[in-house]
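The values are calculated or read from the model by the stated rules, or taken from the named source; none is laboratory data. Computed from a predicted structure; not experimentally measured. Heads up, the Cβs are rebuilt from the backbone with ideal geometry, glycines too, and the neighbour counts pull from every protein chain shown.
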Amino acid sequence: MDMTGRINLILQNPTYKQCYDKIAAWEKDRSHCKHDLTHFLDVARITYILTLEEDVAINKEYIYAAALLHDIGRHMEYEEEVPHDKAGGAICVPILQACQFNEEEIACIQEAILSHCNPSVKEHKNLAGYLYRGDKMSRTCYSCHKVEQCEWENKKKNLQIRR
């Protein structure tokens with residue numbers, strides 16, 4: 001199966017759709033920084049560009065799978081105060097299995113999801129490091145009309161266009 005096949009299987013997966021809908025319901029009144037398909041695809045594209053710019057060979061399909069799934073546990077953070085990276089790390093496994101990813105592929109993608117909030121991976125030249133940077137760079141705090149009301153510390157905000 002080609003890359004778009006398995007990626008589209010993720011989008012069509014019932015568990016993925018259920019989690020995505022729960023996130024959307026929790027964030028329906030949120031005016032900024034939603035965890036939606038726009039964010040997920042921005043993360044995928046930025047992550048992929050970073051790997052191209054640095055000439056690091058990371059499978060594009062893994063990048064897109066990790067980006068689509070990196071915040072899929074967000075509803076668990078809202079509902080049960082389970083960190084979304086940990087929840088997403090658990091939720092992603094049966095989704096990836098159902099979408100025909102093998103154990104080695106799942107382990108790589110899962111590790112990136114589990115690490116995407118951990119700044120210690122940001123310099124790593126692997127999927128986890130690039131996903132971390134792509135996620136942070138995807139946020140347009142520099143042009144957000146709610147930047148002053150944002151709960152993030154200023155050091156976490158993406159206040160400049162980088163690269």
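Kindly indicate the residue of region 108-123 that is among the hydrophobic types (A, V, I, L, M, F, W, C) and without any contact (Cβ under 8 Å) to a residue 40 or more places away in the chain and also nearest to Lys34 (Cα to Cα) among those meeting that condition. Don't jump to the end; show me each part of the working.
Within region 108-123, the first condition is being among the hydrophobic types (A, V, I, L, M, F, W, C), and the residues that meet it are 108-109, 112-114, 117, 121.
Narrowing further to those that are without any contact (Cβ under 8 Å) to a residue 40 or more places away in the chain: 114, 117, 121.
Values: Leu114: 20, Cys117: 16, Val121: 24 Å.
My answer is Cys117.
Output the residues belonging to region 38-48 that are at pLDDT below 95 and either exposed (fewer than 15 other Cβ atoms within 10 Å of the Cβ) or farther than 24 Å from Arg74 by Cβ (or both).
Listed by number, the list holds a single entry, Thr38.
Of (1) over 17 Å from the mean Cα position of the chain (by Cα); (2) part of a loop (DSSP other than H, G, I, E, B); (3) modelled with pLDDT under 95, His124 satisfies all except one. Which?
Failed condition: (1).
Looking only at region 1-31, which residues are surrounded by 14 or more Cβ atoms within 10 Å (Cβ to Cβ) and assigned to a loop (DSSP other than H, G, I, E, B)?
Passing the criteria: Asn13, Glu27.
Which pairs turn up if I take residues in region 33-49 that are closer than 10 Å to Asp71 by Cα and look for partners that are in a helix (DSSP H, G or I) and not acidic (Asp, Glu) with beta carbon separation below 7 Å, at least 6 apart in sequence or on another chain?
As it stands, the answer is His35/Ile23; His35/Arg74; Asp36/Ala24; His39/Ser138; Phe40/Ala67; Phe40/Leu68, since those pairs meet every condition given.
Given the conditions (1) in a loop (DSSP other than H, G, I, E, B); (2) under 16 Å from Ile113 (Cα atoms), and given that Val56 satisfies all but one, which numbered condition is not satisfied?
Status for Val56: all satisfied but (2).
What do you reckon, is Glu105 closer than 16 Å to Lys34 by Cα and either at pLDDT below 90 or part of a helix (DSSP H, G or I) (or both)? Write out each step before concluding.
Working: closer than 16 Å to Lys34 by Cα: no; either at pLDDT below 90 or part of a helix (DSSP H, G or I) (or both): yes.
Judged against the criteria, Glu105 is not a match.
Scan region 127-158 residue by residue and report those that are hydrophobic (A, V, I, L, M, F, W, C), surrounded by 14 or more Cβ atoms within 10 Å (Cβ to Cβ) and modelled with pLDDT under 85.
Within region 127-158, the subset hydrophobic (A, V, I, L, M, F, W, C) is 127-128, 131, 137, 141, 144, 147, 150, 152.
Right, trim to surrounded by 14 or more Cβ atoms within 10 Å (Cβ to Cβ) and you get 127-128, 131, 137, 141, 144, 147, 150.
Hits for region 127-158 are Cys141, Cys144, Val147, Cys150.
Hey, does region 81-98 have a residue that's touching a residue at least 40 places away in the same chain (Cβ under 8 Å), assigned to a loop (DSSP other than H, G, I, E, B), surrounded by fewer than 20 Cβ atoms within 10 Å (Cβ to Cβ) and out of contact with any Pro (no Cβ under 7 Å at 6 or more places or on another chain)? Break it down stepwise before answering.
Filtering region 81-98 for residues touching a residue at least 40 places away in the same chain (Cβ under 8 Å) gives 91, 94-96, 98.
Adding the requirement that they be assigned to a loop (DSSP other than H, G, I, E, B) leaves none.
Within region 81-98, not a single residue is touching a residue at least 40 places away in the same chain (Cβ under 8 Å), assigned to a loop (DSSP other than H, G, I, E, B), surrounded by fewer than 20 Cβ atoms within 10 Å (Cβ to Cβ) and out of contact with any Pro (no Cβ under 7 Å at 6 or more places or on another chain).
Scan region 1-35 for residues that are more than 16 Å from Gly73 (Cα to Cα), out of contact with any Asp or Glu (no Cβ under 7 Å at 6 or more places or on another chain) and at pLDDT 85 or above and report the count.
Initially, region 1-35 is screened for residues more than 16 Å from Gly73 (Cα to Cα), giving 1-9, 12, 28-32.
Remaining after also requiring out of contact with any Asp or Glu (no Cβ under 7 Å at 6 or more places or on another chain): 1-2, 4-5, 8-9, 12, 28-32.
Of the ones still in play, those that are also at pLDDT 85 or above are 5, 8-9, 12, 28-29.
Counting residues in region 1-35 that are more than 16 Å from Gly73 (Cα to Cα), out of contact with any Asp or Glu (no Cβ under 7 Å at 6 or more places or on another chain) and at pLDDT 85 or above gives 6.
Please specify each residue of region 99-109 satisfying the condition of being over 18 Å from the mean Cα position of the chain (by Cα) and either surrounded by 13 or more Cβ atoms within 10 Å (Cβ to Cβ) or of a type in the set (Asp, Glu) (or both).
Pass one, region 99-109, residues over 18 Å from the mean Cα position of the chain (by Cα): 100, 102-104.
Answer for region 99-109, where residues must be over 18 Å from the mean Cα position of the chain (by Cα) and either surrounded by 13 or more Cβ atoms within 10 Å (Cβ to Cβ) or of a type in the set (Asp, Glu) (or both): Glu103, Glu104.
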